[in-house]
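As structure tokens, the structure follows; a few thoughts come after it.
Values quoted throughout were computed directly from the atomic coordinates according to the rules given, and no laboratory measurement underlies them. Note that the coordinates shown come from a computational prediction; the quantities given were computed from them, not determined experimentally. Note: ideal-geometry Cβ built from the backbone for every residue, glycine included; neighbour counts use all protein chains shown.
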Amino acid sequence: LSGGLKVKYVDPNVQPGFVKKYTDTEISLNSIVVESDKRYKLIPYEDIVVTSYTYNQNTGGYAAENTFDGENRITSAVDYVVSDTLPTLYAITNHGEAALSDSMLKKLEDQNIDVAELNTLTVESIPEDATCVLINSPLTDYTENDIRMLEDYMKSGGNLMLTTFYLEEGRPNLEKFMAEYGLSLVDGVIME
């Protein structure tokens, strides 16, 4: 229904070379390829109609449930193929930071956000392509060099996402950095 999109149906059995342009593996029927002059994204049918299985202890069997996720997948793919730049989130990893859950990584992927790990011991500065830096519940304090990198990044217009976890020992360097932005740690736990 949009003049900006063109739909073309291709039978991979009739045109096997078409599939090879997008993947080396076999794709399922009813998969979708979204393509622009910049890039393409292949959406397997299994990602459009998602099947999940639940075990029933009473019957000893599994029940299948299908969920339609096509709108999300196609919208995300269109955004991916037409965007001039794609955001990159760098997750700092060398202070015992918590890993992102699979569900969070999936949400970020759906938003076309590339996630990369960043070890501040092996770099001189935050990468220039960083759209955002994630500090996810570090277990140890940041060094003065780490803080310098973060300060330089923030002064150049960077974005930072910070989550914390309760620890008995303090993180004075990180807390001093946070105070520059009006943030402070308080004792307590948030419960839902």
Can you name the number of the only condition in (1) more than 30 Å from G158 (Cα to Cα); (2) exposed (fewer than 15 other Cβ atoms within 10 Å of the Cβ); (3) free of Cβ contacts under 8 Å to residues at least 40 places away in the same chain that L5 fails? (3)
Here the residues within the stretch 118-144 that are surrounded by 12 or more Cβ atoms within 10 Å (Cβ to Cβ), outside any loop (DSSP other than H, G, I, E, B) and not aliphatic (A, V, I, L, M) are C132, N136
With respect to T54, determine if the residue is in contact with a strand residue (DSSP E or B) (Cβ under 7 Å, 6 or more places away or on another chain) and either in contact (Cβ under 8 Å) with a residue 60 or more places away in the chain or under 30 Å from L160 (Cβ atoms) (or both). no
Among the residues of the stretch 91-104, which ones are under 14 Å from M161 (Cβ atoms) and not in a strand (DSSP E or B)? E97, A98, L100, M104
